[in-house]
Number of protein chains: 4
Amino acid sequence: MKSNFFVPLTPRGLSNISPPPPWHYAGDFLVIDFWAKPEAVASLLPAELQADAKAEGHAQAYFIDWQFTGEHDEFLNPARYQYREFFVLVDALFNGKPVAYCPYIFVDNDAAMARGWAQGFPKRLGLVFQTRTFAASGPASPKLAPGGRFGASASADGQRIARGIVTLEKAVTDPAALGSRPTINMRHFPRLAAGQWERPAVHELVESIMDNFKVADAWMGKGELTLPECENEELSDLAPVRCGNGYRMSVSYDVTDLKTLVDHSVK
Amino acid sequence: MKSNFFVPLTPRGLSNISPPPPWHYAGDFLVIDFWAKPEAVASLLPAELQADAKAEGHAQAYFIDWQFTGEHDEFLNPARYQYREFFVLVDALFNGKPVAYCPYIFVDNDAAMARGWAQGFPKRLGLVFQTRTFAASGPASPKLAPGGRFGASASADGQRIARGIVTLEKAVTDPAALGSRPTINMRHFPRLAAGQWERPAVHELVESIMDNFKVADAWMGKGELTLPECENEELSDLAPVRCGNGYRMSVSYDVTDLKTLVDHSVK
Amino acid sequence: MKSNFFVPLTPRGLSNISPPPPWHYAGDFLVIDFWAKPEAVASLLPAELQADAKAEGHAQAYFIDWQFTGEHDEFLNPARYQYREFFVLVDALFNGKPVAYCPYIFVDNDAAMARGWAQGFPKRLGLVFQTRTFAASGPASPKLAPGGRFGASASADGQRIARGIVTLEKAVTDPAALGSRPTINMRHFPRLAAGQWERPAVHELVESIMDNFKVADAWMGKGELTLPECENEELSDLAPVRCGNGYRMSVSYDVTDLKTLVDHSVK
Amino acid sequence: MKSNFFVPLTPRGLSNISPPPPWHYAGDFLVIDFWAKPEAVASLLPAELQADAKAEGHAQAYFIDWQFTGEHDEFLNPARYQYREFFVLVDALFNGKPVAYCPYIFVDNDAAMARGWAQGFPKRLGLVFQTRTFAASGPASPKLAPGGRFGASASADGQRIARGIVTLEKAVTDPAALGSRPTINMRHFPRLAAGQWERPAVHELVESIMDNFKVADAWMGKGELTLPECENEELSDLAPVRCGNGYRMSVSYDVTDLKTLVDHSVK
């Protein structure tokens, strides 16, 4: 029997928006390095983080085709649990240590949105797509080989918020090239009672914990990214000044924990 | 300038998933009275509520076409804020007082999902549709008149979870006929840290507060509802033993508060 | 029993993508007058039509919330048959007579797409939204009154292709103000056989026929429209040089016929 | 420059719903053999085809994750051109020769719907999902190995129309095991003019032509399929009496031609 980690709270837990941890993930990643205006990055950071001057506005855009499962073969129900995601990580410092902070993230699935909120990822709904590669070769399928090209885009509420292209150049032999800053989120849940709106029930700086992290078929090359100007979308303020490497890889990991760095939750 | 009531937390608050309260709503309602097996209703109730034996399993299904606005003309951006909703309320008792508890609710919009979670509504994503009436008459538009028929359906993850029909008989002259039990939710937000999964950060029984409640063009008649058997959807356990009245009306109200009845949040 | 007007062709016709005519429609319209560059309009016209020099690039943008029904109460199944639509009509001449030609149209429903193709409307899928008014008044619902504002937007493949606002000033007392050019389409269906790609199976200039046309609650005022620049969307070439009136009304009509003006279908 | 094979007909052809042929495809297939009631299969066949008595109601269900491209790198724009598909093929005879006829097919993309109509595939919109495998191993990703399991589902208008599971047993060494009946469709496009509804503009029995057909990573095992009872969906009439093998493979091919078998188009 499943327990009710999220809502709705039901007798058998089957209707719960997502099964409880452990959460298992596998996915295909398109990642693009880019540099935004440093002041745009700095303006997004919570008070507990400091701007990373050496990073010069460095950030990364991720487009991911995800598959999720809990402990009950949820991967066999892709209509409910498979999803696509777009997010940005910006370089920052926490107590002088290099970290990556997630200011924006969009998914096309409610189970992923709920898990994200529990982790502190500030998820909204969006539509996200990326080019795939298939075992059967042909003009419709780019190869994992020099010159292979992969496109991606993300939209929210009918506005295109991001567009990317990665052109492969070489296989990644040293996974360290993929970066290793810890991912930092601000976990947050409001209070609605009158007079309590400024006293969120949950407001804590957290560090993501990913176990059994595996990377396969990692390639790198040229990355191109645009973050078009949109009505009422501040993501546009991170529009790339320049772009850097692009990456395409498969990744899997598990989530069963979360580390609280600073807890401002109002008791 | 908007504040950041929800996530993401941004400089201007424009990217926030929903503006802060006050929240203003207007919508068209299709409501169907039905009776489920009393034990199915009882099995859904949190420990703080008691089964309402006199209700004999009475519940109501709501299909709503909603329009939302905050304080910055959000109603002019319907792609982001207009939405549709399906939910069930079941009769129960709190300290001996008749209340209505919401075990299941589905919306097609993330801003509505976020506000719902803040209110304790256990929202998941779904697709919801209802027949509309238009000022220009003709075969495609039912009239608010005896014999007028309105259909509705809801689905989640590609499974149809509810189907309803309301056939109008007469205008509602006494709004009291529409019922007046307070709406009770279990506001809930988990902890992900290892060892803390059973200690939710937020777990409180709350009562919804709706101000400036207005009803217009209320009609009643015959209600028909089915809750089809679905894979891993416990809503099906509430399948109607019999149906009662159906209602069709327009409603508006504001939300700026929430009343905590019992707070089990773990400090 | 339904017949199989479209595909799929099935024993009972219930699975057909749309029921056969007669087709009945009711909807809420937001309409915005605008002027594009005359050469952009001219470049869209089929050879059988001529540019309307006096129109100076005049066009109209329509955002519509539609309800459809055939002869078997299809309006009671809104998940399958209710839909939203955005299209543009540009002024042109046919044999010297003023007409309106439809170069672009987007709907969120496949039954509507099929009927549109049969009528010659060049429908693609899109997401379309417009502000609604509700009988229950309040901040979330604009009134049909001076100062009432209605927003709308349309997107295709995650790109916003249109955004409009109509601010009401006065009721329309003379329906002739709403315009009355016949709607002209190019009905077109290709051949796929090798060597036949340039010989479409259907290619005929047609005039839409709408019976029992009714308008209710028509208001007019100021219209504002943008057609943002999008990747690979030529609609952007019609970007307004200036905008004119905006309209908001309810409309109903029936479709049971189509008039062929010029038939180029290859036998 | 692109030509306008479909609608809309525009100066540069970029807005056309799909680029012209050649059409290139690559995809992941889940295929399940099943047997329906022979009379249910027979009732679906057009007059030009005969029931295949030896087949005893044999049919196949296909769930496919597709990537499409034309000649202009359309695979780099997955938001517009990548899609998912579900269809059924039933065994039949044409002039005594074994063929497979497509009575039902659903896709989540309008470009695919348009191309399908041109080929005679009777496409409607639906949502289709299948379990994927990823290069990075872990609990969320089934392996192409004995015991690997893949789930799939399809829905239309919010009703689940199909659910399947394939459990792998062994690699397919002889591609002939995958079957080789030609695919037969009824290409059909109506006339709307009054009095002409029974005289479709296009009505021809056609055979699909696929060039450069490649299969990779083909596995077979046990197939399980249900076609649940749905409101107004005749697909349910093909509900499996029993199921047979399941297959999982990658496939690519090109389409540039179509063979007309019998042409009933009304001139």
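The values are calculated or read from the model by the stated rules, or taken from the named source; none is laboratory data. Not measured: the values here are computed from a predicted model. Cβ: placed from backbone, ideal geometry, glycine included. Neighbour counts: every protein chain shown. We work out accessible area using only protein heavy atoms, side chains counted, and drop any ligands, DNA or RNA first. Shrake-Rupley method; radii C 1.70, N 1.55, O 1.52, S 1.80 Å.
A compact table of results
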quantity	calculated
Shielding of B:222-234 by partner chains, average beta-carbon count, 10 Å	3
Centroid-to-centroid separation of the stretch C:16-88 and the stretch B:196-237 [C-alpha atoms, Å]	37
Chain A - percent relative contact order, Cα under 8 Å, separation 6 or more	21
Complex-versus-alone comparison for the stretch A:155-187, residues with a loss of 50 Å² or more in accessible area, probe 1.4 Å	A:D157, A:G158, A:R160, A:R163, A:R187
Interface C:D - total buried accessible surface [probe 1.4 Å, Å², rounded to 100]	5600
Members of B:K37/B:K123; D:K54/D:K123; A:K170/D:K123; A:K54/A:K170; A:K222/C:K37; B:K97/B:K123 lying beyond 31 Å, as alpha-carbon distances in this model show	A:K170/D:K123; A:K222/C:K37
Solvent-accessible area, 1.4 Å probe, carbon plus sulfur percent, for the stretch D:23-263	51
Förster radius 60 Å - calculated FRET efficiency between C:N212 and D:H264, Cβ distance, rounded to 0.05	0.95
Inverse mean reciprocal Cα-Cα distance (Kirkwood Rh) of chain A, Å	19.4
Drop in accessible area of at least 30 Å² in the complex versus isolated chain, residues of the stretch B:105-124, 1.4 Å probe	B:D110, B:M113, B:W117, B:P122, B:R124
Contact order relative to length of the stretch D:103-194, as percent, for alpha carbon pairs under 8 angstrom and 6 or more apart	26
Other protein chain Cβ atoms within 10 Å, averaged over every residue that makes up A:14-21	5
Sites matching GluC sites (Glu not before Pro) across the stretch B:184-267 that sit in DSSP coil, with at most 13 neighbouring C-beta atoms within 10 Å	B:E198, B:E229
For chain B, built as a Gaussian network whose Cα springs stay under 10 Å, the top-fluctuating residue of B:K222, B:K214, B:K123	B:K214
Volume in Å³ per residue [convex hull over Cα atoms, computed for the stretch B:82-233]	165
Within a Gaussian network of chain C (alpha carbon springs, distance under 10 Å), most fluctuating of C:T256, C:T167, C:T183	C:T256
Fully extended contour minus Cα-Cα distance, from C:A53 to C:R199, at 0.36 nm per residue	49.4 nm
Peptide-level mean, for C:206-213, of C-beta atoms on other protein chains within 10 Å	1
By accessible area with a 1.4 Å probe, ligands and nucleic acids excluded, highest first: order of C:T173, A:T69	C:T173, A:T69
Largest-first ordering by accessible area, 1.4 Å probe, given options B:I184, B:I165	B:I165, B:I184
Accessible area of the protein assembly as shown divided out per residue, in Å², using a probe of 1.4 angstrom	33
